[in-house]
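Since the structure comes first, as structure tokens, the remarks are kept for the end.
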């Protein structure tokens, strides 16, 4: 039976390092959902992407059913066990996703959530990555960026709580911190959660 793990995380400091460490530890293939969907929308090669793009082009939210179809297509593109990063995030997405996994006889083995010991450091890092040009372009300050990220984090945590309660889902929590040797730090947390 094919296996999948999911990672619920905002794209901030440490996310990719953790995902890569988990992938190396489990030997599962990584799928960065948001990155792939952005690339697919840019290229626009198939009917599903065309439907999704029509919502985006009209300033509308892509319906959960289409996002789920896209995620399942990504999963079906490979026979490998996989780690899906960034989907599902919302309770309605989770319900569709779990039902699809059951139909396909794919087992969800772990759900991870990333939290931050120092959100201000994560925001500073995010601004450094985006650069001054982006912040000037949208006329944002550090405090503006921090407020937006904190709002996203709050919505994200509320959705996660609803998923836990509605679907009896237990999350393995990883805390992103400043650490000289991130891979060792993440590996220690992964082993602790997997009781290795």
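Some notes on this structure:
- By the helix-only formula, in which each DSSP H run with n ≥ 4 contributes -39500 (n - 2.57) and the sum is divided by residues, the chain has a 222 nm mean residue ellipticity of -19500 deg cm²/dmol.
- Residue 44 versus residue 150: modelled label distance in nm, points set 7 Å from Cα along the beta carbon direction: 3.9
- For the chain, DSSP calls about 0 percent of its internal beta bridges antiparallel.
- Length gained on full extension, residue 78 to residue 60: 3.4 nm, using 0.36 nm per residue less the C-alpha separation.
A short reminder: the numbers here are calculations on the coordinates, not readings from a lab. Computed from a predicted structure; not experimentally measured. Because the Cβ atoms are built from the backbone with ideal geometry, glycine has one as well, and the counts that use them run over all protein chains shown.
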